[in-house]
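The values are calculated or read from the model by the stated rules, or taken from the named source; none is laboratory data. This one's a predicted model, so the numbers in the text were calculated from it and none came from an experiment. We place every Cβ from the backbone using ideal geometry, glycine too, and count neighbours over all the protein chains shown. Remember, those area values only see protein heavy atoms, side chains included, never the ligands or the DNA or RNA. Shrake-Rupley method; radii C 1.70, N 1.55, O 1.52, S 1.80 Å.
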Amino acid sequence: MKTSHLPRSKNIPSVVLIEQHFSVPKEADVREATVRELKKLFPDSTAIKGKIVGLTCPSRGICDIAQVLITAVSFLKPHCKEVRILTAMGTHGGGTSEGELAMASDRGVTEGAVGTRIFSNMETRYIDTVNDVEAHVSEDALACDLVILTNRIKEHTDIDWPEPLPEGFFGLESGWTKILALGLSKLRAIEQHRHIPTIGLGAAIEISSRRIIEGKELVIWGGLGIIENARDETAEIISARAESADRFFAIEAQALARSKELMPVMPVRTVDVLYCNSLGKDLSGQGMHTKTIGRSPYGYQQGKPWKSTMPAIHTIVGSRLSPGSHGNAIGVGLCEFITQRFDEEIEWDRTTLNSLSALCPCQARRPIVCEHDRDALEVALAMSPSGPDGPRMVFIHSTLKMEHALLSEGVLNDARANSNLEILSDPSPLRFSSDGYVDLKSYFRFGH
């Protein structure tokens, strides 16, 4: 789209570099921690002797998922008949076996790396319906003698539990129960998502997972979980037996609470323009973490936070889609503006499938497309409010990486009042590359 005729501001404000000081506990040795937890799950080898053991492989960009799975395969393989990696990605791999394998490979999980076969068939089996919630399970998982649910435990972008929690529920979000109810149900994940308007996705996940764990069709032995810190590093490796759903859910709920305390947060709460360098499925389930930016995945009003405890952001500029998304740009609808390079990286079929299965079609809406960052920022500033000290702007790599950020002069008073934030530079003009993109790498280093 040509935006040369649109209103624009040529006065992009100067910025300062800041560092946020988060609590960042870290596992000293991921391999040793994984072995430690596997020994808790299997104090002796009799439970797996002669058995086929399945390990789930999630779709998210989890820092140490390959190392955890490699270690688990190495630990289990001498004691059982076979270890199988089970891709458990719901609709995130484009709804195909090949797509799930490609996403696993992108996370470093290949048959050569892990030393065992990877199963990614999309066939599922209907198990039961409980309280109108259907339970479906991958045929690959059902072909195993027992399954270990391997996943990261953290907040989920789409889950909004009421307060207080309904009786009998644990408030689970993304973790073992989600990879069981959604990941291993493949394209049937829609059977859980359709309950969002009534009982909510979290409740549907717990109901489905409870039925599978307490049933006879599949043995869920337990979970191997990863909790990450604000630097996208492994803070903790945990495990739990699934001897009872209540105990299993309670341990996951405790882990979720610890994970939430470690989540990165926006450096300021009121923002006129947020620039997000990278959005993507490997960075958050909706490209950006909805609870971090204060926008509901089911629709939002500019400048009005989803919940009172969340930031209020008027305009969002998305610069690019992460390569690890494999073209799935779910969450692009959270932006008002994107760049031409972002638009060209989108595979709309994948994006549509994931958005529809998650019951949030608005997240596949195409924002206004601008030539590059400078173009997008000038137009965004022209149509956004401005604080009394000037435009309140924040520049981040992604909602996964916010230890360092750039702030405009309009939010410096807020920054100085934040004891967990350190200003590292004096105000200076925002730096751009020769092709019009914000040169974030000249300010701070980041991955992806």
- request: Evaluate the following for Glu252: is it touching a Phe, Trp or Tyr at 6+ places or on another chain (Cβ under 8 Å), touching a residue at least 60 places away in the same chain (Cβ under 8 Å) and of a type in the set (D, E, K, R)?
  value: yes
Restricting region 125-172 to residues that are hydroxyl-bearing (Ser, Thr, Tyr) and open to solvent by less than 40 Å² (accessible area, probe 1.4 Å), the one modelled with the lowest pLDDT turns out to be Thr157
Worksheet item: Does at least one position in region 374-396 carry a residue that is open to solvent by 30 Å² or more (accessible area, probe 1.4 Å), under 11 Å from Val317 (Cβ atoms) and touching a residue at least 24 places away in the same chain (Cβ under 8 Å)?
Response: yes
All-but-one check, Arg60 against (1) surrounded by fewer than 18 Cβ atoms within 10 Å (Cβ to Cβ); (2) closer than 16 Å to Lys281 by Cβ; (3) basic (Lys, Arg), failing number (1)
Checking Glu19, Glu37 in turn, the sole residue that is touching a residue at least 40 places away in the same chain (Cβ under 8 Å), charged (D, E, K, R) and under 30 Å from Pro385 (Cα atoms) turns out to be Glu19
Just one listed residue, out of Cys335, Cys370, is modelled with pLDDT of 95 or more, under 18 Å from the mean Cα position of the chain (by Cα) and not aliphatic (A, V, I, L, M), and it is Cys335
Filtering region 65-83 down to residues that are surrounded by fewer than 22 Cβ atoms within 10 Å (Cβ to Cβ) and not in a helix (DSSP H, G or I) yields Cys80, Lys81, Glu82
Picked from region 1-32 (must be among the hydroxyl-bearing types (Ser, Thr, Tyr) and open to solvent by 70 Å² or more (accessible area, probe 1.4 Å)), the residue farthest from Pro429 (Cα to Cα) is Ser23
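Okay, residues lined up against (1) open to solvent by less than 50 Å² (accessible area, probe 1.4 Å); (2) in contact with a Lys or Arg (Cβ under 7 Å, 6 or more places away or on another chain); (3) not β-branched (Val, Ile, Thr):
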| site | (1), (2), (3) |
| --- | --- |
| Pro311 | yes, yes, yes |
| His314 | yes, no, yes |
| Gly318 | yes, no, yes |
| Asn328 | yes, yes, yes |
| Cys335 | yes, no, yes |
| Ile346 | yes, no, no |
| Arg350 | yes, no, yes |
| Ser355 | yes, no, yes |
| Pro361 | no, no, yes |
